[in-house]
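**Q** One structure, pasted below without further comment.
Each reported figure results from applying straightforward, stated rules to the coordinates on display, with no laboratory input. Since the structure is predicted, the reported quantities are computational estimates derived from the model, not experimental observations. Glycine also receives a Cβ, built like all others from the backbone with ideal geometry; neighbour counts cover every protein chain displayed.
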Amino acid sequence: MLRDTPTDPPRDCAAIALAALAATLGDPRRAQRFIDLTGIGTDELRRRIAEPALLAAAIRFLEAHEPDLVSVSEALGVAPDVLVQARRELEEGQG
């Protein structure tokens with residue numbers, strides 16, 4: 001579980017990643033780029049929405065273009081590092 005500081009309550013990595021994916025898909029330009037780059041269609045998104053691999057990939061997509069990472073983190077009210085750490089934890093959990 002993520003924490004901003006040692007005294008903060010833990011955060012759910014999957015919930016953070018899901019919110020990041022929703023913010024990504026909520027912006028038409030970003031959503032189109034995500035779909036174009038990943039080849040994932042809406043049906044596949046619906047089927048795989050809870051998979052840690054898909055959620056981690058959504059954050060990895062944001063990490064590849066810093067302005068998107070910053071924009072989504074601001075929309076979610078978290079630091080960009082929180083998104084990056086959520087992706088790491090999701091990937092480690094697949095292990």
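**Q** In deg cm²/dmol and to the nearest 500, what is the mean residue ellipticity at 222 nm of the chain if only DSSP H runs of at least 4 residues count, each as -39500 (n - 2.57), divided by the residue total?
**A** On the way: 6 runs with 70 residues, N = 95.
That calculation yields -22500 deg cm²/dmol at 222 nm.
**Q** What is the spin-label model distance, in nm, from Q32 to R48 if the labels are put 7 Å beyond Cα along the C-beta direction?
**A** 2.3
**Q** Find how much the distance from I40 to L76 grows on full extension, using 0.36 nm per residue of separation minus their present alpha carbon separation; answer in nm with one decimal. Intermediate values should be presented prior to the final figure.
**A** On the way: separation 36, 0.36 × 36 = 12.96 nm, distance 2.32 nm.
Computed gain between I40 and L76 is 10.6 nm.
**Q** Between 0 and 90 degrees, rounded to the nearest ten: what's the tilt of helix 52-63 against the longest Cα principal axis of the chain?
**A** That helix lies at roughly 90 degrees to the long axis.
**Q** Next question, about the same structure. For region 13-94, what number results from the quotient of the Cα radius of gyration and 2.2 N^0.38 Å? Numbers along the way, then the final one.
**A** Working: Rg = 11.4 Å, N = 82, 2.2 N^0.38 = 11.7 Å.
So the Cα radius of gyration is 0.97 times the expected 2.2 N^0.38 Å.
**Q** If you average the sequence gap of Cα pairs under 8 Å that are 6 or more apart and divide by the length of the chain, what percent do you get for the contact order?
**A** Value for the chain: 36 percent.
**Q** Enter the angle in degrees (range 0 to 90, nearest 10) between the Cα long axis of helix 28-38 and the first principal axis of the Cα atoms of the chain, meaning the one along which they spread out most.
**A** 80
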